[in-house]
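One structure is given below, encoded as structure tokens.
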2 protein chains.
Amino acid sequence: MILEINVGLDRVGVLPGRDAIELARATAELDGLELVGIMGYEGHLLRVEDPDEKRTQIEASMKLLEETRDAMRGEGLCCDIVSAGGTGSYQYTSDCPAVTELQAGGGIFADPMYQLQMGVTGLEYGLTVLATVVSRPEKHRAVLDSGRKTLSPDAHLPLVKNHPETEVVRMSAEHCELQLAGDAVDLTIGDKIELIVGYADFTTVLHDHFFACRGGVLEEVWEIAGRGKLQ
Amino acid sequence: MILEINVGLDRVGVLPGRDAIELARATAELDGLELVGIMGYEGHLLRVEDPDEKRTQIEASMKLLEETRDAMRGEGLCCDIVSAGGTGSYQYTSDCPAVTELQAGGGIFADPMYQLQMGVTGLEYGLTVLATVVSRPEKHRAVLDSGRKTLSPDAHLPLVKNHPETEVVRMSAEHCELQLAGDAVDLTIGDKIELIVGYADFTTVLHDHFFACRGGVLEEVWEIAGRGKLQ
């Protein structure tokens, strides 16, 4: 097992320092458990805007893990694993020497939320939902068959792939409304649109499968086995 | 089939009047289709605060359906079904004489959103999620194992059943934070809490089963067969 340390997000985990060491010592004495490390999540620092300030604060947060690791080792306790990081911070956290493992799971999709709100760089958007135009009430307005039960707008609204000037302006339970611009004004009922998911976490849990494409070709269908299993 | 008429929500459906009649006439001539009625959803009126004003506006919206029905019948077209209403409006829409069918599906759960934001009366909250206390960092703060992947805060935050003074103050992907008051300050890690779902639509799609209780006894387990099937 690894102990979760509260490095500032202030949600779960034991406080670093004396509390952490006491818990580590008590845990190591329990039968049937093997203490192998610690983890901490600097989730409260994802939205620090200035890159230098973000780096400084993340380093301070990781320092708490490093000091806890050193204190554990000083007591002869095992601390081989120091796990940290999320997609919104891993490009800084990975430079912290104490960290042995990153938890940047969402990074595989590189959502607009991470790239546009948290300064994650050098990646491409990886997750879209295929939607169909079901209504064209006005020249610059289209309604799609994908609402909040299909695609979460929480954290960041979806973007419209291949139509960067066209915007999602409203999402209700079963519908998504677009303000059309550029050549998207030629869309007609039945046309397909790819919506780039703003934040994958709340959308993947709504679906049963990923359709994995490379170069426009469907290569694999993967079951989302974990959905509905939370809590 | 029934035709959807745009009665003001301005999302999907054909405009009432000439457009609707032309479409009805054209539809009735198609092989393999049987036109039996119309529907319209007054979803844009759910949040009208003044009850008299809400009734007046809903009646005007339903009048559009009634006139369309009369015009269809005048042309010898079938319009036996006039379907309308949602949970936030059905207590008014059900008084409109033209309406033959209500679509108030969410009403079965009578969510806080409907009761506290849309003036739906005379019902009890019907849907909760069972959560577990996983952290008690301070005397008046508890963290639960149910976040936005388990329970949507969209539209209305969850309420805390049996602890009306205790409030949900933050929800992240996997956690829900409570500001404790009253006897809830005695909660300890491992305790169970029932969270009253603020708006059922976005929460039921996250789960595979309903657990149906009567008088505190579990009587049935129902599969949520439609989840993940939208779009």
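Only the coordinates and a few stated rules stand behind these numbers; no lab work does. Treat the numbers as computed from the prediction; the structure is a model and nothing was measured. As a convention, Cβ positions derive from the backbone with ideal geometry for all residues, glycine included, and neighbour counts pool all protein chains shown.
Please average, across the residues of B:78-90, the number of beta carbons from any other chain that are within 10 Å of each residue's own beta carbon, and give a whole number.
Taking all residues of B:78-90 together, the mean is 0.
Find the centroid of the Cα atoms in region B:141-197 and in region B:1-63, then give the distance between the two in whole Å.
40
Quick one: helix B:18-28 against the long Cα principal axis of chain B, what's the angle to the nearest 10°, folded into 0 to 90?
80
What nm value, rounded to one decimal, do you get for the distance between A:D95 and A:K63 when each label is placed 7 Å out toward the C-beta?
1.5
Scan around A:I224 for amide H atoms under 5 Å from its own, H built in the peptide plane at 1.01 Å from N, and keep only partners 5 or more places away or cross-chain.
Under 5 Å from the amide H of A:I224: A:H209, A:F210.
Summing +1 for each Lys or Arg and -1 for each Asp or Glu, what net charge is found among the other residues whose Cβ lies under 13 Å from the Cβ of A:L77?
My count for the surroundings of A:L77 gives -3.
Can you give me the angle between helix B:51-74 and the longest principal axis of chain B, using Cα atoms only, in degrees from 0 to 90, rounded to the nearest 10?
That helix lies at roughly 40 degrees to the long axis.
Diagonalise the Cα gyration tensor of region A:5-137 and give the resulting equivalent ellipsoid semi-axes, square root of 5 times each eigenvalue, largest first, whole Å.
Working from the Cα gyration tensor, I get semi-axes of 36, 17, 12 Å.
Based on the mean of other beta carbon atoms within 10 Å per residue, what is the order of B:128-137, B:205-214, most packed first?
B:128-137, B:205-214
Is region B:67-133 rounded, prolate or oblate when judged by the Cα gyration tensor, a ≥ b ≥ c being the square roots of its eigenvalues, rounded requiring a/c under 1.5 and prolate requiring a/b larger than b/c?
Prolate.
Across region A:144-152, in residue order, what do the Karplus-derived ³J(HN,Hα) couplings come to in whole Hz, using 6.51 cos²θ - 1.76 cosθ + 1.60 with θ = phi - 60° and x for Gly and Pro?
9, 8, 10, x, 5, 7, 10, 7, 7
Once the label point is placed 7 Å from Cα along Cβ, list for A:E34 the distances to the corresponding points in the other copies, in nm, shortest first.
Once sorted, the set of distances for A:E34 reads 6.9 nm.
Could you identify which residue out of B:L30, B:L180, B:L64 has the top mean-square fluctuation in a GNM of chain B using Cα springs shorter than 10 Å?
B:L30
With a sphere of radius 15 Å drawn around the Cβ of A:V48, what net charge do the other residues whose Cβ falls strictly inside it have (Lys, Arg +1; Asp, Glu -1)?
Its environment carries a net charge of -3.
Using a/c under 1.5 as the rounded threshold, could you call the protein assembly as shown rounded, prolate or oblate? The axes a ≥ b ≥ c are square roots of the C-alpha gyration tensor eigenvalues, and prolate needs a/b larger than b/c, oblate otherwise.
prolate
When N counts the residues of region A:83-198, how does its alpha-carbon radius of gyration compare numerically with 2.2 N^0.38 Å, as a ratio?
Taking N as the residue count of region A:83-198, the ratio is 1.26.
Can you tell me, using C-alpha contacts under 8 Å and at least 6 residues apart, the relative contact order of chain A as a whole percent?
14
Scan chain A and hand back the longest stretch that contains none of the GluC sites (Glu not before Pro) lying in DSSP loops with at most 12 other Cβ atoms within 10 Å.
Counting at most 12 other Cβ atoms within 10 Å as exposed, the longest clean stretch of chain A is A:166-231.
Determine the calculated [θ] at 222 nm for the protein assembly as shown from helices alone, applying -39500 (n - 2.57) to every DSSP H run no shorter than 4 residues and normalising by the residue count; nearest 500 deg cm²/dmol.
-5500 deg cm²/dmol
Using only atoms on other chains, find how many Cβ atoms lie within 10 Å of each Cβ of peptide B:202-212 and report the average.
3
For peptide A:146-157, compute the average count of partner chain beta-carbon atoms within 10 Å of each residue's beta-carbon.
Shielding by partners across A:146-157 averages 4.
Where both residues lie in the protein assembly as shown, what percent of DSSP beta bridges are antiparallel, nearest 5?
If we restrict to bridges inside the protein assembly as shown, about 75 percent are antiparallel.
Select from region A:126-156 those trypsin sites (Lys or Arg not before Pro) which occupy a DSSP coil region and have at most 15 other Cβ atoms within 10 Å, ordered by residue number.
Answer by residue number: A:K139.
Straight-line reach from A:K192: which lysines have Cα under 20 Å away, leaving out those fewer than 8 places along the same chain?
The reachable lysines, counting only those whose Cα sits under 20 Å from A:K192, are A:K139, A:K149, A:K161, B:K229.
Provide the net charge surrounding B:I196, with neighbours chosen by a C-beta distance below 11 Å and charges set as Lys +1, Arg +1, Asp -1, Glu -1.
-2
Counting alpha carbon pairs within less than 8 Å and at least 6 residues apart, what relative contact order, in whole percent, applies to region A:2-103?
Relative contact order of region A:2-103: 29 percent.
State, to one decimal in nm², a quarter of the convex hull surface area for the C-alpha atoms of chain A, i.e. the direction-averaged projected area.
Average of the hull's projected areas for chain A equals 15.4 nm².
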